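Report on one structure; see the data block that follows.
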Amino acid sequence: MTMQNNETVQALQWTGNALKVLDQRQLPEKIVYDEYKDADGVTEAIVSMRVRGAPAIGIAAAYGVALSVRKHYAQSNHWRQKVTADIDMLAKSRPTAVNLFWALDQMKAQLAKQHDNPPAAILTCAEKIHADDLVANHKMGELGADILVGAKGVMTHCNAGALATGGYGTALGVIRSAYRREPIKVYAGETRPWLQGARLTVWELSQDGIPATLVADSAAAWLMKSGAIDWIVVGADRIAANGDAANKIGTYSLAVLAKQHGVKLMVAAPTSTIDWNIENGDKIEIEQRNQNELLPACYIKDGSLVNAWNPVFDVTPAELIYAIVTERGVILNPSEHGVRGLKNAI
Ligand code: MRU
């Protein structure tokens, strides 16, 4: 795995004429990059979870639009209609991460302008979304690390790292920054059923020289009871205006357990993860994925009496969150202070 500019592992790389996507389904056993040259391919990469994690999904979709413009502008006078159809297709790839829709809105706004060279202008917009996300993650890392000063142990859930973003990570960015100041003990929940914690987070941290201890999701309460952690740090897929936060299934359970054990919960997410249009988390669409991601193989057959319920996100109410960390600032006790104040902050 090449690390550019001394940075962390890279989920996405723009080659100059294609999008390279690290196939996260194959990690950590195999490091395989696939190249995509059109929006259909990028849509498939998101649907199949070769690329996953809210900000990375948004960035990939932005490059998908850039690839669409590049393809259709050269071939058709009706290129705008074809690009619009590709945007609609990309928007259907996954429902919960609002970064996807935010990024597509940015791209649509650029498309609505007149450009001498539309393919170049639209690509520049995608590259800016990618670069800005990396900058935001570094800012969140420092802001979050300020809050973690003195912590002896943190637990994270899912993968909210470089693999899920434009680089450095949201929750893992905070953990990276905190660890660089003073080593802390890091625990990662395995994150059933897709095992983002077991396959991605501990691998990503080890690539960066940060030791991590993997725990079964079901060990979280006992870990908290042991006194080993004082913080849980997670990312988010969509944050409502009141601070309710959707994240990987199991985050809500951790938040409830954290309250019982006096452990604090930090949600680190860029403002592109905030859905200013919804008042609370009840309005967030929760993705249900195929039951076969959860079912043991022996039950995947016609006539089986065993099926599975597989929601892949849940919503943690703001009252269980101690701090929301964004690149524009930190909100403590988000249940008392809504997040709207961040909208026009620098
Ligand atoms: O289903 P996934 O792997 O896309 O879910 C990812 C998460 O839930 C992450 O915690 C979230 O997107 C934040 S990533 C910085």
So which helices (runs of 4 or more DSSP H) stay within segment 161-242 end to end and still have 2 or more residues that are more than 12 Å from the ligand (Cβ to nearest atom), open to solvent by 30 Å² or more (accessible area, probe 1.4 Å) and of a type in the set (K, R)? 171-181
Regarding V174, is this residue touching a residue at least 40 places away in the same chain (Cβ under 8 Å) and more than 24 Å from T15 (Cα to Cα)? yes
Please determine, by comparing only the residues of segment 9-36 that are β-branched (V, I, T) and in a loop (DSSP other than H, G, I, E, B), which one is least open to solvent (accessible area, probe 1.4 Å). V9
Some residue of segment 53-61 being open to solvent by 10 Å² or more (accessible area, probe 1.4 Å), more than 13 Å from the ligand (Cβ to nearest atom) and either assigned by TED's automatic domain parsing to the domain that holds E285 or not charged (D, E, K, R) (or both): no
Could you check V47 against (1) farther than 22 Å from K82 by Cβ; (2) within 15 Å of the ligand (Cβ to nearest atom) and say which number it fails? (1)
How many residues are in a loop (DSSP other than H, G, I, E, B) and not aliphatic (A, V, I, L, M) when one looks only at segment 133-160? 5
Within segment 55-93, residues being in contact with a helix residue (DSSP H, G or I) (Cβ under 6 Å, 6 or more places away or on another chain), charged (D, E, K, R) and not in a helix (DSSP H, G or I) number 0
Taking segment 94-124 only, how many residues are open to solvent by less than 50 Å² (accessible area, probe 1.4 Å) and either of a type in the set (F, W, Y) or in a helix (DSSP H, G or I) (or both)? 14
Segment 41-52, residues that are open to solvent by 10 Å² or more (accessible area, probe 1.4 Å) and in contact with a helix residue (DSSP H, G or I) (Cβ under 7 Å, 6 or more places away or on another chain): T43
Only one of E142, E190 is at pLDDT 95 or above and closer than 20 Å to I324 by Cα, namely E142
Of those in segment 243-274 that are of a type in the set (A, V, I, L, M, F, W, C) and within 12 Å of the ligand (Cβ to nearest atom), the residue nearest to Q196 (Cα to Cα) is I249
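The values are calculated or read from the model by the stated rules, or taken from the named source; none is laboratory data. As the structure is a prediction and not an experimental result, all values here were calculated from the model. Here the Cβ is made from the backbone with ideal geometry for all residues, glycine too, and neighbour counts use every protein chain on show. Each accessible area value is taken on the protein alone, full model and side chains, heavy atoms only, with ligands, DNA and RNA left out. Shrake-Rupley method; radii C 1.70, N 1.55, O 1.52, S 1.80 Å.
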